[in-house]
Structures are given as C-alpha cells and as structure tokens.
Amino acid sequence: MDHRHPAGVPISASFLLLSTFSLLLSSPLAAQDLPHLDRAAGSTQLIVGGNPFVIFGGELGNSSAGTAAQADEILPRLARAHINTVLMPVAWEQIEPVEGKFDFSILDHWIEQARTQHLHVVLLWFGSWKNAFSSYAPDWVKKDIHRFPRAISPDGRPLGILSALSRENQDADARAFRTLMRHLHEFDAQQQSVLTVQVENEVGILGGARDHSVDADRLFSGPVPEKLLQHLREGSDWLPAEIRHSWNPKGSTWRKVFADHAPELFTAWYYASYIAEVAQAGKAEYPLPMFVNAQLPAPLERPGEYPSGGPHPLNFEIYRAAAPPLDFLSPDIYWPNFEYWLQRYSDRGNAVFVPEARLDMGPFNAFYAYGAARAIGFCPFAVDSLPDVENEIDAGKNLLTQSYSVLHQLEDILPQAQREGRTRGLVLHANSLRPTQTVSLGGYLFTATLARSWPARTLLQDDGAMILLQSGPDEFLIGGTALSITVSADPDAKEGVGGIASVEEGSRVHGEWTATRRLNGDQLDQGRRILLPDHRAVLLRVKLYTIPGTPTAVD
Ligand code: DGJ
C-alpha cells in the first residue's frame, strides 16, 4: 500500500518537509531573508523577499501617526494614491511613557492597517532628536536634566537638545530602540511589512557649531580619535573638496586637523557615534537596514544655522567611520536644486533614498529620482495632506497621484532596468538658466524642453519631467508630464538618422500593455516630437527607428 498523501508525496517525506518548515519558522531568519541592500548591482538596491524593490513612498506629517484611528483614515487614501510604502514616526514618548514600560498598541495597529492596504512601512525613530531638538523624548527624560544632560549654548545655557556626549542619554535611547526592534522582530519578521528604519531625525546642534559643555570643551581641545584618522588615511580622496583642501593629517587636535571645519566635524563624530550605538542595539534584535537623514544647509548658511553635525555631504566620512551599523545616508530635499543633492548622495555607492521632499515638486522630482539617480525610494513629505483621489473632482490638481500611478505601472520592471542602467530621467524648471536637456539611452538622444501647447506657443506649466525606460531594442516607455521631446540617433553610439516610428499612450497592468490612444499628427507635432501633456502625467510606449544617412536638424 502506498502511504501517500493526496499531493503524492510519501508520508515520511512530507513529515520531513513539514518539520523542516516549522524549524525554519521558529529559527531566526537569516540576514539574506530580511530586507537588505545589494551593493553588487550597478546601483545599490533594496532587496525585499529576495527581489529588488523600489519604494514609491510618502512621509506622514509629524502629528499624523499619534493615534490608531488616524491609520484607518489615512492609509486607505495613500494606497489609492499609488503609494506603496508609508514613512511614519514612532515617538519615544509614545512607546515608553513610563520608564521601562512599553506600549506598542498604536504602532501595531498601523502595521496591521498597512498590511490590509498592501502597503509597506518605513519607521522613523524619533528618539533623542527630531529636527535637532528633543521634543519627542518622554517627559521622564525631559524633566531630569541632571540624569539626562543637555547640550550647552556658547553663552552657557542648556539647550532643548539632549547631549550627544552623555552615556546615560545614549543608553536610555538604545534601550528603548532595542525594545522597539525586539517587538518588531516578534510582530513583523514573518510578514516583513517594515522595510527599513530611520534612526533619529535631522540631528545636529543649532545655535552654534558645537556643544559648549565642559565635557565638549575638553574633548574638542583633545586629540581626534585614532579610528577616524585611520579611516581618513585609508581614503583621503573620499573627503569632499571643501575639507580636503584644508585638512592636516599630521595634526592632533580637532582644530589642528580640520581647521575651520573642526567644530562641525567634532559634532558629527559624537552624534554619529551615539547613533551607531542606538542602531546597533536595535540591529542586535532585528537587523533591518537602517539609515539617517540630514537637514541640508542652504547656500552660505553656517553650521548651527542649520543643524551642525548632521549626515550631509561634508560629514559623510565621519558617519562612515563612526557608524558602520548605518546602511545609508539620506537627504531631506526641500531646496530647488534637487538634482544636485541627489548626485551628492550617490557618493561611493550610497543607496539613494529621499525620505522627505517637497510635496508640490514631488510629481516632477520622482521621475528624476527613479530614472536618473536610480533611487531605491522617494518620499514627498506630509503626503497625508493630499486630497483623496476618490473625492478629487479635478484630477489635474493631484499630479502627484498621477505620477505615482505611472510609476506604479513600471513597478515590476523598474528595479531590473535600474540595475542594468536602462533608465534615464530629467526634470526641467521654467526659471532655470537652461530649460532644455538631453539624455542618451539605447543609441538615441532624447532632447526635452518644457512643453508648449499646440498651436499657441505659450508656456502652460512651470516644470516638466520624465522617466525613460528602455523596454526593448528601439522601444522605450516614457512616463512624465509637460515636456516636448525630440529624438535623434546618438552619434556616439550608432550611425544614421533616428526617427519616431510610433507613439501610443496607454497603461501597463500586470505587465500587459493596453493602448488607449495612438498619437499622431498634432499630438506628435507631425511626427517630429513626443509630447507629454501639461497638468497630466501619462505613460507612453515609443518605438524608434534608425535609417542610414547623415543627421540634419529638424525644424
Ligand atoms: C523636516 C523634518 O524632518 C520633518 O519631520 C518636518 O518637521 C519637516 N521638516 C517640516 O517641513
């Protein structure tokens, strides 16, 4: 008699499979089974469930995740807006209102609701610091200035900023964060709704470039730690030009080694060392990828006018030397030169992830981030303030949702295309010195200018942007808005004259392309230009051709 169960597997073998499976479930997950970074690809990628994953994110406003009920109202709206990952704060004061007593009920509800909406989650640990200050610390920390010391201003006043030099501060924060990550391991390791965790938020000292406490003064006039000097000796060309020109590897004190940059780099070292301990305590429980975010300096701003010592480009190597548990460094980009900042944060294989960005520029910058900078994620801030697409009468007002809808349609092919260098992106601004730009892909040059409506040549929209993804030989998907694009053969890649074979507007669902319109005539400028409409984001499938000949200018 054949002792098989219905699927035809012998009973002994099926018992073996079952016990191996139960063993796997009860044993800790191997690091490669958790979300992690793959640095071997052309660009650093986030791997989730074994596959590269791109975060089409949105960060919540600061007061939007403090109750469970807010999850029920906000998350369905975000899912309808084609966001696939929500970035939400976890406040220290919320999870540890009484020292040693933890309450994760609100967080658990958010994660459960996110699962219902098929959303992933990025947690923002608002622990010791949020925008430099310590307002999210529990009141048992805030009230006890002796046990939990503050940074001191140049004129000797305690600031509302927990001291980064205090072991007691660090240990209390690390204990809370460790407990959070232990809980997350129990609650989410199987489902992996949470992908990564930001440790603290926009750290740094305000009001001066460094802490002026007695301890800080003593350490500042002492030697630069050997661990940092060693790191910098290994790669002095890693230092940004601003520092490289003035640093003296033979000096000993902070001032002697780093000259005028010394106060900020000193601050960065102690913040990074503190955050490293907190992150490591969390990783010991549940090793998700972890990162920090920077408030970026405005041009000519002095350290202390912006949070001095945060993870902005001047301080990259300080963070790398002091904080190996941090997997990447991220910019919060509210300044207009978005592209510049993304290029700086692509430094040395850093995973490009923008946890905060201007909401109104989101529909444009998203295309640049994923297409040009090969970002693992881009997240406009206060995304919960967007009007609900269900109630939105004028869909044109919700361009971000449209842009995310276009990107969402590329979700399955974007990570692989990023990996293989088959994407490009650009964003143009009406007020820029040169509102035209050319990118090269797949043997063609794509020259974009801001769209002008046909037939009146008036500028209708201030900004335009696109992502370009090569989907086959001579075939491209173009998503974007408000551009007109000419195409020619790239003389550096091939000989001949390039032209437009066909352009369809349409949609991709589960990898299937459905054309809604075949564009021609006026909508294709008589075959000469690909037009992305004003106030609307669309997805186009474009086929090109090359014929022998010498290129001549069109128009
Ligand atoms: C940057 C911070 O990181 C956010 O939490 C929020 O305060 C925004 N600034 C507000 O613009």
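The values are calculated or read from the model by the stated rules, or taken from the named source; none is laboratory data. Keep in mind the model is a prediction, meaning the values are calculated, not measured. So basically every Cβ, Gly included, is an ideal-geometry build from the backbone, and we count neighbours across all protein chains shown.
Would you check if F177 is outside any strand (DSSP E or B) and surrounded by 23 or more Cβ atoms within 10 Å (Cβ to Cβ)?
In short, yes.
List every residue pair whose Cβ atoms sit under 6 Å apart, with the two residues 6 or more apart in sequence or on different chains, where the first one lies in the range 497-522 and is in contact (Cβ under 8 Å) with a residue 60 or more places away in the chain and in the same structural domain as R541 (by TED's automatic domain parsing) and the second, anywhere, is exposed (fewer than 15 other Cβ atoms within 10 Å of the Cβ) and hydroxyl-bearing (S, T, Y).
Pairs found: S507/T514.
Suppose we filter E112, E59 for residues that are closer than 26 Å to R374 by Cα and in the same structural domain as V354 (by TED's automatic domain parsing); which single one remains? Spell out how you get there, then give the answer.
Values: E112 fails: closer than 26 Å to R374 by Cα.
Residue meeting the stated conditions: E59.
Can you name the residue in the range 185-204 that is within 16 Å of the ligand (Cβ to nearest atom) and of a type in the set (A, V, I, L, M) and, of all such residues, is nearest to the chain's Cα centre (by Cα)?
My answer is V197.
Between L239, L300, L288, which is farther than 28 Å from F126 by Cβ and in contact (Cβ under 8 Å) with a residue 24 or more places away in the chain? Write out each step before concluding.
On the way: L300 fails: in contact (Cβ under 8 Å) with a residue 24 or more places away in the chain; L288 fails: farther than 28 Å from F126 by Cβ.
Result of the check over L239, L300, L288: L239.
I need the strands (runs of 3 or more DSSP E) fully contained in the range 480-540, keeping only those with at least 3 residues that are buried (at least 18 other Cβ atoms within 10 Å of the Cβ) and not acidic (D, E). I'd like the intermediate steps shown before the answer.
Details: elements: 483-489, 497-509, 512-519, 530-532.
Because the criterion is at least 3 residues that are buried (at least 18 other Cβ atoms within 10 Å of the Cβ) and not acidic (D, E), the strands (runs of 3 or more DSSP E) in the range 480-540 that meet it are 483-489, 497-509, 530-532.
Within the range 129-154, restricting attention to residues that are part of a loop (DSSP other than H, G, I, E, B) and within 16 Å of the ligand (Cβ to nearest atom), which residue is nearest to D211 (Cα to Cα)? Steps first, please.
Initial filter on the range 129-154 (part of a loop (DSSP other than H, G, I, E, B)): 131-132, 134-138, 143-149, 153-154.
Going one step further and asking which of them are within 16 Å of the ligand (Cβ to nearest atom), we end up with 131-132, 134-137.
Working: N131: 16, A132: 12, S134: 15, S135: 18, Y136: 20, A137: 19 Å.
Looking at the filtered set, the residue picked out is A132.
Filter the range 305-361 down to residues that are among the hydroxyl-bearing types (S, T, Y) and within 23 Å of G282 (Cα to Cα) and give me whichever is surrounded by the most Cβ atoms within 10 Å (Cβ to Cβ). If you could, list the steps in order and put the result at the bottom.
If we filter the range 305-361 for residues that are among the hydroxyl-bearing types (S, T, Y), which is where we start, we get 306, 308, 319, 330, 334, 340, 345-346.
Narrowing further to those that are within 23 Å of G282 (Cα to Cα): 319, 330.
Working: Y319: 24, S330: 22.
Only one residue fits best here, namely Y319.
From the set of residues in the range 251-303 that are more than 25 Å from the chain's Cα centre (by Cα) and outside any helix (DSSP H, G or I), which is farthest from the ligand (Cβ to nearest atom)? Steps first, answer last, please.
Applying the first criterion (more than 25 Å from the chain's Cα centre (by Cα)) to the range 251-303 yields 251-263, 266, 300, 302.
From what's left, outside any helix (DSSP H, G or I): 251-253, 300, 302.
Values: G251: 35, S252: 36, T253: 33, L300: 20, R302: 19 Å.
Filtering the range 251-303 for residues that are more than 25 Å from the chain's Cα centre (by Cα) and outside any helix (DSSP H, G or I), the one farthest from the ligand (Cβ to nearest atom) comes out as S252.
So, of the residues in the range 38-65 that are small (G, A, S) and either away from the ligand (no atom under 16 Å from the Cβ) or within 18 Å of G421 (Cα to Cα) (or both), which turns out to be surrounded by the most Cβ atoms within 10 Å (Cβ to Cβ)? Break it down stepwise before answering.
Step one: of the range 38-65, the residues small (G, A, S) are 40-43, 49-50, 57-58, 61, 63-65.
Restricting the remaining residues to those that are either away from the ligand (no atom under 16 Å from the Cβ) or within 18 Å of G421 (Cα to Cα) (or both) gives 40-43, 49-50.
On the way: A40: 9, A41: 18, G42: 11, S43: 22, G49: 9, G50: 8.
Among them, the one singled out is S43.
Do you know which of the residues in the range 81-107 that are charged (D, E, K, R) and surrounded by fewer than 16 Cβ atoms within 10 Å (Cβ to Cβ) is nearest to the ligand (Cβ to nearest atom)?
So in the range 81-107, the residues charged (D, E, K, R) come out as 93, 96, 99, 101, 103.
Those still in the list that are surrounded by fewer than 16 Cβ atoms within 10 Å (Cβ to Cβ) too: 99, 101, 103.
Details: E99: 25, K101: 26, D103: 22 Å.
Residue satisfying both the conditions and the ranking: D103.
Report, by residue number, each residue of the range 349-368 that is closer than 13 Å to G58 by Cβ and either away from the ligand (no atom under 16 Å from the Cβ) or in contact with an Asp or Glu (Cβ under 8 Å, 6 or more places away or on another chain) (or both).
If the condition is that a residue be closer than 13 Å to G58 by Cβ and either away from the ligand (no atom under 16 Å from the Cβ) or in contact with an Asp or Glu (Cβ under 8 Å, 6 or more places away or on another chain) (or both), then V354, P355, E356, A357, P363, A366 are the ones that fit.
Spot the failing condition for L162; the list is (1) of a type in the set (A, V, I, L, M); (2) under 24 Å from the mean Cα position of the chain (by Cα); (3) buried (at least 21 other Cβ atoms within 10 Å of the Cβ); (4) more than 16 Å from the ligand (Cβ to nearest atom), and only one is missed.
Among (1) of a type in the set (A, V, I, L, M); (2) under 24 Å from the mean Cα position of the chain (by Cα); (3) buried (at least 21 other Cβ atoms within 10 Å of the Cβ); (4) more than 16 Å from the ligand (Cβ to nearest atom), the lone unmet condition for L162 is (2).
Across the range 331-368, what is the number of residues that are closer than 20 Å to P311 by Cβ and in contact with a Cys (Cβ under 9 Å, 6 or more places away or on another chain)?
Total meeting the criteria: 5.
Checking the conditions here, which among T438, T481 is in contact with a His (Cβ under 8 Å, 6 or more places away or on another chain), closer than 20 Å to D525 by Cα and among the β-branched types (V, I, T)? Explain how you work it out, then say what you get.
Details: T438 fails: in contact with a His (Cβ under 8 Å, 6 or more places away or on another chain).
Just a single option satisfies the conditions, and that option is T481.
Condition check ((1) in a strand (DSSP E or B); (2) of a type in the set (F, W, Y); (3) outside the structural domain of V538 (by TED's automatic domain parsing)) across all residues:
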site	(1), (2), (3)
A366	no, no, yes
R374	no, no, yes
E390	no, no, yes
L400	no, no, yes
S403	no, no, yes
A417	no, no, yes
S432	no, no, no
T447	yes, no, no
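Report yes if S134 is at pLDDT 95 or above, hydroxyl-bearing (S, T, Y) and either within 15 Å of L184 (Cβ to Cβ) or surrounded by fewer than 16 Cβ atoms within 10 Å (Cβ to Cβ) (or both), otherwise no. Quick ask: steps written out before the conclusion?
Values: at pLDDT 95 or above: yes; hydroxyl-bearing (S, T, Y): yes; either within 15 Å of L184 (Cβ to Cβ) or surrounded by fewer than 16 Cβ atoms within 10 Å (Cβ to Cβ) (or both): no.
Answer is no for this residue.
Run G207 past the list (1) of a type outside the set (S, T, N, Q); (2) at negative phi; (3) surrounded by fewer than 21 Cβ atoms within 10 Å (Cβ to Cβ); (4) away from the ligand (no atom under 16 Å from the Cβ) and report the number of the one that doesn't hold.
(2)
Determine which single condition K250 fails, assuming it passes every other condition in (1) touching a helix residue (DSSP H, G or I) at 6+ places or on another chain (Cβ under 9 Å); (2) at pLDDT 95 or above.
The single condition K250 does not satisfy is (2).
In this structure, is E301 in contact with a Leu (Cβ under 7 Å, 6 or more places away or on another chain), within 27 Å of D217 (Cα to Cα) and either not aliphatic (A, V, I, L, M) or not assigned by TED's automatic domain parsing to the domain that holds T44 (or both)?
Details: in contact with a Leu (Cβ under 7 Å, 6 or more places away or on another chain): no; within 27 Å of D217 (Cα to Cα): yes; either not aliphatic (A, V, I, L, M) or not assigned by TED's automatic domain parsing to the domain that holds T44 (or both): yes.
So E301 fails the test.
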